[in-house]
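Written out below as structure tokens is the structure these notes cover.
What follows draws every value from the coordinates through simple rules; no lab data is involved. No experiment lies behind these values; they were computed from the predicted model shown. All Cβ positions, glycine included, derive from the backbone under ideal geometry; neighbour counts span all protein chains shown.
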Amino acid sequence: MILAAGRGERMRPLTDRTPKPLLRAGDKPLIVWHIERLAAAGFTHIVINLAHLGAQIEDALGNGAAFGVSIDYSREGIALETAGGIATALPLIDAEVFTVVNGDIYCEYDFSRLAEAMARLAAGHDQAHLVLVDNPSHHPKGDFAFEEGRMTSAGDHPDRLTFSGIGVYHRTLFAQTRCGEKAPLAPLLRQAIDAGRASGEHYRGRWTDVGTPERLQQLDESLRNHV
């Protein structure tokens with residue numbers, strides 16, 4: 001699943017007329033980078049949630065055939081936040097375990113690396129696997145603590161890392177989240193971590209949270225120059 005329903009307030013005025021996942025970097029929409037990497041990793045079915053200017057995303061991507069995948073759309077009247085959007089899209093996801101990626105990041109992560117984590121979650125114990133990255137300058141304190149492949153609940157851990165926006169989830173993680181209602185993801189992740197049901201990995205490759213027009217411009221220039 002690719003999360004693409006957000007308004008992108010910090011990206012205004014760019015997102016007044018263009019949904020954030022369709023903003024271009026390296027002469028390609030952000031969301032297309034994801035679709036191409038997911039397809040290369042063997043994913044064949046992608047669900048995308050839509051809200052703000054969602055029709056533009058649907059028009060641009062169609063049924064996914066141009067990318068070698070099939071795409072279904074979960075249309076939200078208003079953005080339902082991350083957990084709400086995922087829970088609402090579950091009827092379109094025909095698997096117990098699935099990968100989710102934020103549509104407003106750029107990342108060169110190899111999604112085929114998630115196969116082991118997906119198999120482990122399917123076996124029944126864990127409910128989440130998070131891909132973590134080094135803390136960017138705009139988020140120096142990080143999000144979660146991580147040790148030896150396991151997420152830990154130590155909130156004051158000195159070596160917290162930032163959640164990349166890429167995760168693997170078991171659908172039971174959303175069992176108490178109502179379809180069509182707003183709900184954030186972080187509390188569900190913390191519950192899974194506190195219960196010892198979340199693993200993680202530290203990705204050290206290229207990753208950008210495209211949260212401002214300035215970061216988008218920097219990313220675009222670096223991709224065009226093959227930096």
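Taking 7 Å steps out from each Cα toward its Cβ at ARG224 and ARG190 produces label points 4.2 nm apart. Each 5 Å bin, from zero up to the one with the longest distance, holds this percent of the alpha carbon pairs of the range 41-120: 3, 12, 23, 25, 23, 11, 3, 0.
Taking the Cα of ARG12, stepping 7 Å toward and past its beta carbon, and measuring to each backbone N in the range 52-92: which are under 13 Å? Correct set: none at all. Under 17 Å from a label point set 7 Å out along the Cα-to-Cβ vector of HIS138, the amide N atoms of the range 105-119 belong to 105-107.
Nearest 500 deg cm²/dmol is fine: what mean residue ellipticity at 222 nm does the chain get from its DSSP H runs of n ≥ 4 alone, each adding -39,500 (n - 2.57), divided by its residue count? Write down the numbers at each step before the final one.
On the way: 6 runs with 57 residues, N = 227.
Result for the chain: -7000 deg cm²/dmol, rounded to the nearest 500.
Subtracting the Cα-Cα distance from 0.36 nm times the residue separation, let me have the gained length for ARG206 to ASP159 in nm, one decimal. If you can, show how the numbers build up before the last one.
Details: separation 47, 0.36 × 47 = 16.92 nm, distance 1.97 nm.
Result for the pair: 15.0 nm of gain on full extension.
Note on ARG178 and GLU58: the model spin-label points, each 7 Å out from Cα along the C-beta direction, lie 2.5 nm apart.
So if R0 is 30 Å, what FRET efficiency would GLU96 and GLU214 give, r being the distance between their Cβ atoms, rounded to the nearest 0.05? Walk me through the numbers before you get to the answer.
Details: r = 40 Å, r/R0 = 1.35.
For GLU96 and GLU214, the calculated efficiency is 0.15.
For every other residue with a beta carbon closer than 13 angstrom to the beta carbon of GLY211, add +1 if it is Lys or Arg and -1 if Asp or Glu, then tell me the sum.
On the way: positive: ARG7, ARG10, ARG12, LYS20, ARG215; negative: GLU9, ASP104, ASP209, GLU214.
Taking every Cβ under 13 Å from that of GLY211, the sum is +1.
Between the beta carbons of GLU147 and ASP110, assuming R0 = 25 Å, the FRET efficiency works out to 0.60 to the nearest 0.05. Eigen-decomposition of the gyration tensor built on the alpha-carbon atoms of the chain gives equivalent ellipsoid semi-axes of 25, 21, 17 angstrom, largest listed first.
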